[in-house]
Amino acid sequence: MVELLGAEILGLDGVTAGYRDTVVLEQVSASVGANEAWAVLGRNGVGKTTLLMTIMGLTVLREGRIRFDGGDITNMDTHRRVQAGIGYVSQEREIFPSLTVDENLRVATQPGEWTRERAYDLFPRLAERRRNYGNQLSGGEQQMLAVGRALVGNPKLLLLDEPFEGLAPVIIDTLIGAFARLRRESAIATVLVEQQVELALELTQQALVLDKGQIVWRGASADLAADRDNLAMLVGLQEAR
Ligand SMILES: Nc1ncnc2c1ncn2[C@@H]1O[C@H](COP(=O)(O)OP(=O)(O)OP(=O)(O)O)[C@@H](O)[C@H]1O
Ligand SMILES: [Mg+2]
């Protein structure tokens, strides 16, 4: 595994952003190290998806700067951010329904260690379905394809928005296994938005909690997992299972 201690891959500096008529994120600052895994937690509607979209350049940025891999990407187009090495699995998955699994992977491929074959090795189910069209896949298969597609883009940073949402437990287990393997075998930093708080904290080293578009807690995932009272207060009792 590549050790790049201290090197920052993503930096947000006083980011205030939202949509045309609304400001959602206010003065968000954060620094993600190369190869770190971060959880982004918080109740519904606090701005988690907006944060990932802002990193991708898909929102209206009012104030602040965004750094990626040593450069300033504040004004960079979304597709250039992808080319620069940010992989994004949105909450909607957004695979191409009229392309096959293999074609979906092919169009997203950029040079690097992650090839289609390696994605198939990570998700054997996708290999079995390689000639099926996107609209012939189950929800779980679509999600595997969305993750696989981000990986063959060979990102330095992978943004995942609720990748386990709506999936059967056995599929969630497959994805968790893939995530763990990815962490072991690849030097990819990850930002994971996840409603299942305990799962998110298990899969990451660092966490931040958003409330009403602001960061209200940040620190080691293990510390937050151990602090039940704080967890219940920050993300809600029913979620702190
Ligand atoms: N396209 C949009 N235009 C205007 N406002 C939006 C848009 N998308 C989201 N919002 C608003 O921004 C706020 C934050 O939404 P966001 O989707 O980032 O929350 P979230 O934390 O991801 O929620 P969830 O847990 O439900 O996915 C909400 O008040 C939402 O209504
Ligand atoms: Mg969301």
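Take every Cα pair under 8 Å whose residues are at least 6 apart in sequence, average their separation, divide by the length of the chain, and the relative contact order is 26 percent.
May I ask which residue of SER98, TYR88, ALA146 lies farthest towards the positive end of the charge dipole of the chain, with charges of +1 (Lys, Arg) and -1 (Asp, Glu) on Cβ and the Cα centre as origin? The residue sitting farthest along the positive end of the dipole is SER98.
Can you find, among VAL28, GLY134, LEU167, the residue sitting farthest towards the positive end of the charge dipole of the chain, where Lys and Arg contribute +1 and Asp and Glu -1 at Cβ? The one lying farthest along the dipole's positive direction is GLY134.
For segment 26-96 versus segment 164-239, the spacing of their alpha-carbon centroids is 17 Å. If you add up the charges near VAL193, with Lys and Arg at +1 and Asp and Glu at -1, over every other residue whose beta carbon is less than 9 angstrom from its beta carbon, what do you get? With Lys, Arg at +1 and Asp, Glu at -1, the neighbours total -2.
Largest GNM mean-square fluctuation among MET144, MET53, MET76, using the chain with Cα springs under 10 Å: MET76.
Quick one: of the DSSP bridges fully inside segment 148-218, what percent are antiparallel, nearest 5?
Values: 4 of 9 bridges.
In segment 148-218, DSSP labels about 45 percent of beta bridges as antiparallel.
Using the Cβ of THR204 as centre and a radius below 10 Å, the other residues enclosed give a net charge of -2, where K and R count +1 and D and E count -1.
In degrees from 0 to 90, rounded to the nearest 10, what is the angle of the helix 169-185 Cα long axis to the longest principal axis of the chain? Computed tilt is about 80 degrees.
Values in this text are rule-based calculations from the coordinates and carry no lab data. What you see is a predicted model; the values in this text were computed from it and never measured. Ideal geometry is used to build each Cβ from the backbone, glycine not excepted, and the neighbour counts take in all protein chains shown.
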